[in-house]
1. Where does each of Lys243, Lys318 land when they are ordered by accessible area, with a 1.4 Å probe and the largest first?
2. How many nm separate the modelled label positions at Ile302 and Arg78, each set 7 Å beyond the Cα in the direction of the Cβ?
3. For the range 94-225, how big is Rg over Rh, using alpha carbon atoms and the Kirkwood form of Rh?
4. Taking +1 at the Cβ of each Lys and Arg and -1 at the Cβ of each Asp and Glu, which of Ala330, Ala319, His218 sits farthest along the dipole of the chain towards its positive end, judged by Cα position relative to the Cα centre?
5. Tell me, what is the 1.4 Å probe accessible area of Glu193, in Å² to the nearest 10?
6. Considering only protein heavy atoms, with the full assembly of protein chains and a 1.4 angstrom probe, order Cys53, Cys34 by accessible area, largest first.
7. Under 25 Å between C-alpha atoms is the cut-off here; go through the chain and count lysine pairs that meet it, provided they're at least eight residues apart or on different chains.
8. Using θ = phi - 60° and the Karplus form 6.51 cos²θ - 1.76 cosθ + 1.60, what ³J(HN,Hα) does each residue of the range 44-59 get, whole Hz, x for Gly and Pro?
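The values are calculated or read from the model by the stated rules, or taken from the named source; none is laboratory data. Quick caveat, the model's predicted, so the values are computed rather than measured. Cβ: placed from backbone, ideal geometry, glycine included. Neighbour counts: every protein chain shown. Accessible surface is based on the protein model in full, side chains and every heavy atom, while ligands, DNA and RNA are left aside. Shrake-Rupley method; radii C 1.70, N 1.55, O 1.52, S 1.80 Å.
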Amino acid sequence: PNMRLLKKLLTGGAALLAIAVIGLAIAIRYEAACEPIDGGDPADSMRAVHYSCYGGPEVLQLGQHPKPEPKGNELLIRVESASVNPLDWHFMRGSPYFMRLTSGIGKPSETRLGRDFSGVVEVVGPDVTRFGVGDAVFGGAGGAFAEYLLRTEDFAVAAKPDNVSHAEAAAAPVAALTALQALRDKGGLQSGERVLINGASGGVGTYAVQIAKAMGAHVTGVSSARNAERVLALGADAVIDYKTSDYTRLDAEYDLIVDNVGNHSVLANRRALAPGGRMVMVAGGHGDWLGPVANPLQALVISPFIDEQMTMLLAQLKAEDLATIADMMAAGELRSVIDRHYSLEQIAEAVEYSESGRARGKIIIDMNAPP
C-alpha cells in the first residue's frame, strides 16, 4: 500500500509540475496589443524611439518624450550617434521567451530601446565631478535611440577620444566590451596562443580580431569570402570561408574559440580545440525557446567530463573596460567597422537589417541625419 501511495504522489507531483510548466509557457508567450504612448508637452520634449508591445520592427514608434533633467551625479547628454545591437531586437521581440521573466510578461516593462551612444554633455547634476558641459562622451545607457539621455557619471561612460568620430565611438560600447571580456576575462587569452573568431566580420567579431591581435595572439577569423579581405585588414592571420569549409572538421586546433554565431554544437567546437583549450559562447542558436541556450546547456552537461573549458559570456558595461577601449581607440589599436548609417526616423529599417544577420560591422543611427 505504501508503494502504491508513493507512486500516486509521484504521479500527482509530475502532473502538477507539467501543468505549471505549460502554464508558464502560455503566460510568457502571451503578447498584449500595442498602445500609443503619450509623450506629454512637445514644447519641452525630445524625439525618442519607444515600443509598447512585443513584435517585429513595425512595433517601433518615434514620438515625443519629456526631456530629462539631471540630478545628483547624472549627466544630460545630447546624443549625436547611437548603434544597433542584436540585444535591441531581442528586447523588441521579447525573444527568447524566458527573457520576458525580467523584461515583462505580455508587454515590455521598459518601453525605450537602444544601448550604445556617443554625444556631448549638455547639463550636469550638482554632484558631478568628472565631466563638464561640452565634454564629448560615449558609453552605454538604456534608451539610447533618442535625442537626449541621462547617464550617471560613474557608470558606463567615458571621454570620447579626439581622433574618433561620434559614429565610431557609438559603435563600440556593447560590441567592443563583449569582445574584450570574451578574450581577456572568460577566455584568458595569452600572447602567442591561437584563437579562432567565429563571426569575424560582425559587430563583435571585428573588434575581437583587433583586440586578440593586440594581445599577441595568432588570429583566425571565420567569415564569408566577400568579407575575407576586410577581416585580414583588421589583423587576422588567416580567414576560413564558412560557406566552403567547416572549421570544426579541419585539422587545425585552437587554444581559444570565441563563438559569435552559434552555428556549431559544443561537441563540434570541441573537435577544433587543442587539449585543455577554451571556448567562449557569445551567441547561441536561433529560436524563441531553447535555441539561444542550447549550446550553454550542452556545455553545462559535458563540462564535468572533459578537460576543455566551455563558458558563456553575458557582457557587462563596466566603466573601467570602457576606458580601456577608449585608450585603444585613441592609440590607433582599435577602430570601428561601420556598415550602414540610418536616421532616427529609419530605426525600423536599421533594426530589420541588424536582425537579417547580413551586417558587415556596425549599424549607426545618426541623430542629426535627414530622414
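1. Ranking Lys243, Lys318 by accessible area, largest first, yields Lys243, Lys318.
2. 5.4 nm
3. Rounded to two decimals, Rg over Rh is 1.04.
4. Farthest towards the positive end: His218.
5. The value for Glu193 is about 40 Å².
6. In descending accessible area the options line up as Cys34, Cys53.
7. Count of close lysine pairs: 15.
8. In residue order, the calculated couplings are 10, 9, 9, 7, 8, 8, 9, 8, 10, 8, 7, x, x, x, 5, 7 Hz.
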